[in-house]
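Participant: Attaching a single structure in C-alpha cells format; questions to follow.
All of the numbers you see were taken from the coordinates with simple rules; none came from a lab. It should be emphasised that the depicted structure is a prediction, and the values quoted were computed from it without experimental measurement. Using ideal geometry, Cβ is built from the backbone for each residue, glycine included, and neighbour counts are taken over all protein chains shown.
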Amino acid sequence: MDKKTFYITTPIYYPSGNWHIGHCYTTVVCDAFARFNRMLGKDVFFLTGTDEHGQKIEKKAQEKGLTPMEFINPLVDELKEIWRLLDVSYDKFIRTTDDYHVKSVQKIFEKLYEKGEIYKSEYEGLYCAPCESFWTETQLVDGKCPDCGREVQKAKEESYFFRLSKYADKIIELYENNKEFLQPKSRVNEMINNFIKNDTGLQDLCVSRTTIKWGVPVTFDKKHTVYVWIDALSNYITALGYGSEDDSLYKKYWPVDLHLTGKEIIRFHAIIWPAILMALGEPVPTQVYGHGWLLIGGDKLSKSKQDKVGAELTDPLKLVQRYGSDAIRYFLLREIPFGNDGVYTNESLLTRINSDLANIYGNLVSRTTAMINKYFGKLPSGKIANELDKELIDMATSLFDKVQEKMDQINVPEALNEIFKVLSRANKYIDETEPWKLAKDETQKARLGEVLYNLSEVIRICSLILTPFITQMPKKALEMFGLDDKVNIQEVKTYGILKEGITVSTGVLFPRIDMTEEIKKMNEIAAQKQAQKQETKQKEDVKEEISIDDFFKTELKVAEIIACEKVAKSKKLLKSTLKVGEETRQVVSGLAEYYTPEQMVGKKVILVANLKPAKLCGELSQGMLLCAEKDGKVCLITPEQDMPSGSTVR
C-alpha cells in the first residue's frame, strides 16, 4: 500500500428517528481504519454525514407539525454528539441539505442528462417508502421489500431514468478485472445473480420523483426532484468539491480507497454508484466492503427494534456514559465477525468488557505498574535473558506487522485478536516467572527487574498499537510510563525504548463489572422505560376535557354514500360521493383496508360536516367519516334506525 493518501467513507445516515448502537458500528470501524492509516503516516480524509431528503422525513416532519429542517436538525446534532463521545475523528461531516452539495448534485444530474445517460419516461412499479427503493416482482421476498421486509406499493408517475442497463457488462467486467473491488467475495455472486443476471436483467433506474418535494430540484424540470440515491451517493465526491469552483480535494483523494457500508445497501454502492461514475467519466471506487448487521434477538437492530429491548440499553449516548467510549468501541470492533452478522446482547457487551479489557489488558497494566512501584520505586533495567523472554518480546516486536496484515485484509476483529494474543501471553509470562517469589530472594533482584521491564515494553508496544481502536485507556497506560500516544512505527518494532529509572504511576484502566448486579440493573432500567412508555401512552389516550360549547362546534350529519372508488395513487384511500340532504359531497377516507367500494355504497354514515376541506393524494375531501377502532379493527358508525340524509346528529 504505497499510496500516500487514504480516503475512507461511512454511508450517510438517515435522521428519521432515535439513533442506536447499530448506527455506531460502521463509523467506529471506519474511525479505526482512519486512525491506523494516520499511524502509517498517510494523509487521511475520513467522511461521514447524513442523508436528509426523501419521502419518509417529509412525512415524519408533517406528522409532528414541523418543517423537514426543524425535524432533522436536532437528530443531526445528536448524531454529532454521539461521534464526539465515541471519539470519532472524521475530517468532514456532510449533510445532503448543504448548499454546495445541492448545487453539485444538480450539475451531476444536468451532465448525465446532456450526455444522454438520463431520459424521461413513465415509471410503474413497486415502491418501498421506508427504503425509498423501487423493486420488480422477482426481487421481492415473500411479496415484500427484500431490504427491510415491509409492504411495497404500486407506483406510477413520470420520471427521469438513468441508463443503468447499459452498464451491466461493464460492472461484471469491473468485478472480474479487480478482484478486490467488492468484498467480502460472497457479495460479488450476490450482485451478479440477484441484480445483474436475474430474470429481468439490470433495469434502468428511476432517478427522479414528482410526488416528493423534499429533495434536490431538477434545474431544467422543476416538477421533478432528484431521487434520493443519486442525491445520497454523490456525497462521496461533492464533499471533496466535485462540481464546484474548488475541486482540489477531489483531485487529491479520489478515487476513494474504501467505501464501508452495510450489506442492505451494497447494491447501490457496488452497481449503481460505479455505473454513475462511469457515465460521468470519473474513476470508480478502489474498494467497496459490505459488512453484516448488528442483530438483537435474531433481527437487525433498528429504530423500531429498540422499543422491544429498551432504548436505554441500545442508546449509544447512555451506553458511553455508563461504560465509557473504549468499552463500546472495543465491543463493536471485536465482537462482530467482519463481513458477517453479529449479535448484541447486554451479556455479550459486559463479557467483552470484563474478559478482555479488565482481565487481560487492564489487569496486566495494573499488576505490572504496582509491582514496579512496590519492588523498585522506578522502572528497573532489563534485557532479554532467556528463551521465555525472547518468545514474549518477539511476539511484541512482530505485532505491528501482523496487525497491519489484518487491517490490509479489512479484518478489524482479527487485528485486535493479534494484540490480545500478546497481552494474554504477557499475563501468562507473569504466572510463569512469578515476580512475587523473585522479590523474596535478594539474589534474584536483577531477574525481577528484567521481568518487569519486559512486561513494561509489552505494555508500551501494545498500548501504542491499540490507539486506533480504543482511544482513551491506552493513552492513560502510556502516561503511566511518561509517554504520549504518538506512534513511531520503528519504535513499536523495537525492544528497549523505555528508559531505566523513569517514574511509573499506577491506576486501574477498566474496573471489573459485577455481571449479575449489572444485568439486574439493566433489566430494571428496561422495565422502568417500558412502564414509563405505557404510562405516557395511557395519558395520551385520555383526551383533554372540553365544554359543551366546544362539542357543539362540530357539525355532525347523517349522510348516504351513493358512489365509491379507490384512489388511484394510494393503497389505503377510498373516494366516496355522499348525499347530505340536498347537497352532494366528496370525502376521502383511509378505509380501503377494511371496506371495498361496493361495501361502502348504500351505507348511511355519520359525517363531520364542518371540517375544513383538504386534499389527499390530489383528491378533494369535504369532511370526515366517523369510525370505531379497537385493536386494529375498524368499522363505520351508522344510525341505529333509518334516518334521512342530512339529519343532524346531537
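Participant: Mind sorting M600, M395 by how few other Cβ atoms lie within 10 Å of their own Cβ, fewest first?
Facilitator: So the ranking, lowest neighbour count to highest, is M395, M600.
Participant: Please give the net charge around A168, taking every other residue with its beta carbon less than 12 angstrom from that of A168, where Lys and Arg add +1 and Asp and Glu add -1.
Facilitator: +1
Participant: Per-residue HN-Hα couplings for region 24-38, Karplus 6.51 cos²θ - 1.76 cosθ + 1.60 at θ = phi - 60°, whole Hz, x for Gly and Pro?
Facilitator: 7, 4, 4, 5, 5, 4, 4, 4, 4, 5, 4, 5, 5, 6, 5
Participant: Explain nothing, just compute: Karplus ³J(HN,Hα) = 6.51 cos²θ - 1.76 cosθ + 1.60, θ = phi - 60°, for every residue of region 242-256 in order, whole Hz, x for Gly and Pro.
Facilitator: Each residue of region 242-256 in turn: 4, x, 10, 6, 10, 10, 4, 5, 4, 5, 7, 9, 7, x, 4 Hz.
Participant: Let me ask you something else. Using per-residue counts of other Cβ atoms within 10 Å, averaged over each peptide, order 501-509, 415-423 from highest down. Can you show the working numbers first?
Facilitator: Details: 501-509: 14.8, 415-423: 20.9.
For the peptides 501-509, 415-423, the packing ranking is 415-423, 501-509.
Participant: Please order H23, H53 by the number of other Cβ within 10 Å, starting at the fewest. Show your work: numbers first, answer last.
Facilitator: On the way: H23 22, H53 26.
So the residues, fewest neighbours to most, are H23, H53.
Participant: Using a Debye calculation, one point per C-alpha and no hydration shell, please list log10 I(q)/I(0) for the chain at q = 0.06 Å⁻¹ in order.
Facilitator: Results for the chain at q = 0.06 Å⁻¹ read -0.46.
Participant: Right, here's the next one. How much length would be gained if the chain were fully extended between I548 and E640, taking 0.36 nm per residue of separation minus their Cα-Cα distance, in nm to one decimal? Walk me through the numbers before you get to the answer.
Facilitator: Working: separation 92, 0.36 × 92 = 33.12 nm, distance 2.37 nm.
Length gained, I548 through E640: 30.7 nm.
Participant: Here is a further query. Using mean Cβ contacts within 10 Å as the protection proxy, how do 329-340, 179-190 order, highest first? Can you show the working numbers first?
Facilitator: Values: 329-340: 21.0, 179-190: 16.5.
By packing density, highest mean first, the sequence is 329-340, 179-190.
Participant: For I410, what residues show an amide H to amide H distance below 5 Å, using hydrogens built from the backbone and excluding near sequence neighbours?
Facilitator: none
Participant: Quick one: order Y100, Y250 by neighbouring beta-carbon count within 10 Å, fewest to most. Numbers along the way, then the final one.
Facilitator: Numbers: Y100 15, Y250 19.
Ordered by Cβ neighbours within 10 Å, fewest first: Y100, Y250.
Participant: Tell me, what HN-Hα J-couplings in whole Hz come from the Karplus equation 6.51 cos²θ - 1.76 cosθ + 1.60 at θ = phi - 60° for each residue of region 263-276, using x for Gly and Pro?
Facilitator: So the J values, rounded to whole Hz, are 5, 5, 10, 5, 4, 5, 8, 9, 10, 5, 5, x, 5, 4.
Participant: What does the charge count around E479 come to, taking other residues whose C-beta lies under 14 Å from its C-beta (Lys +1, Arg +1, Asp -1, Glu -1)? List each step's numbers first, then the result.
Facilitator: Details: positive: R460, K475, K476, K486; negative: D484, D485.
Here the charged neighbours net out to +2.
Participant: Is region 379-523 rounded, prolate or oblate when judged by the Cα gyration tensor, a ≥ b ≥ c being the square roots of its eigenvalues, rounded requiring a/c under 1.5 and prolate requiring a/b larger than b/c?
Facilitator: On the way: a/c = 1.69, a/b = 1.23, b/c = 1.38.
Judged from the Cα gyration tensor, region 379-523 comes out oblate (a/c at least 1.5, b/c at or above a/b).
Participant: So what is the 222 nm mean residue ellipticity for the chain from helices alone, if each DSSP H run of at least 4 adds -39500 (n - 2.57) and you divide by all residues, rounding to the nearest 500 deg cm²/dmol?
Facilitator: Roughly -12000 deg cm²/dmol at 222 nm, from the helical runs in the chain.
Participant: Moving on to the next point. Check K92: other-chain or 5+ apart residues with amide H under 5 Å from its amide H, H built from backbone geometry?
Facilitator: F46, T48
Participant: Next question, about the same structure. Exceeding 31 Å between C-alpha atoms, which entries from my cross-link table qualify? They are K60/K529; K166/K571; K166/K566; K3/K428; K222/K263; K60/K107. Please report the intermediate quantities before stating the final value.
Facilitator: Values: K60/K529 23 Å; K166/K571 33 Å; K166/K566 38 Å; K3/K428 39 Å; K222/K263 34 Å; K60/K107 29 Å.
Violating the 31 Å limit, Cα to Cα: K166/K571; K166/K566; K3/K428; K222/K263.
Participant: Sort by residue number and report every cysteine in the chain with no other cysteine beta carbon within a distance under 4.7 Å.
Facilitator: C24, C30, C148, C206, C462, C564, C617, C627, C635
Participant: Further, regarding this structure: With r as the distance between the Cβ atoms of L626 and T648 and R0 = 22 Å, compute the FRET efficiency 1/(1 + (r/R0)^6) and round to 0.05. Please list the in-between numbers first.
Facilitator: Values: r = 14 Å, r/R0 = 0.63.
Plugging the Cβ-Cβ distance into 1/(1 + (r/R0)^6) gives 0.95.
Participant: Taking every DSSP beta bridge that has both residues in the chain, what percent is antiparallel when rounded to the nearest 5?
Facilitator: Working: 50 of 70 bridges.
Bridges in the chain that DSSP calls antiparallel: roughly 70 percent.
Participant: Moving on. Checking the a/c ratio against 1.5 first, then a/b against b/c, what shape does the Cα gyration tensor give for region 551-649? Each step should come with its number before you reach the end.
Facilitator: Numbers: a/c = 1.43, a/b = 1.26, b/c = 1.13.
Rounded, because the longest to shortest axis ratio a/c is under 1.5.
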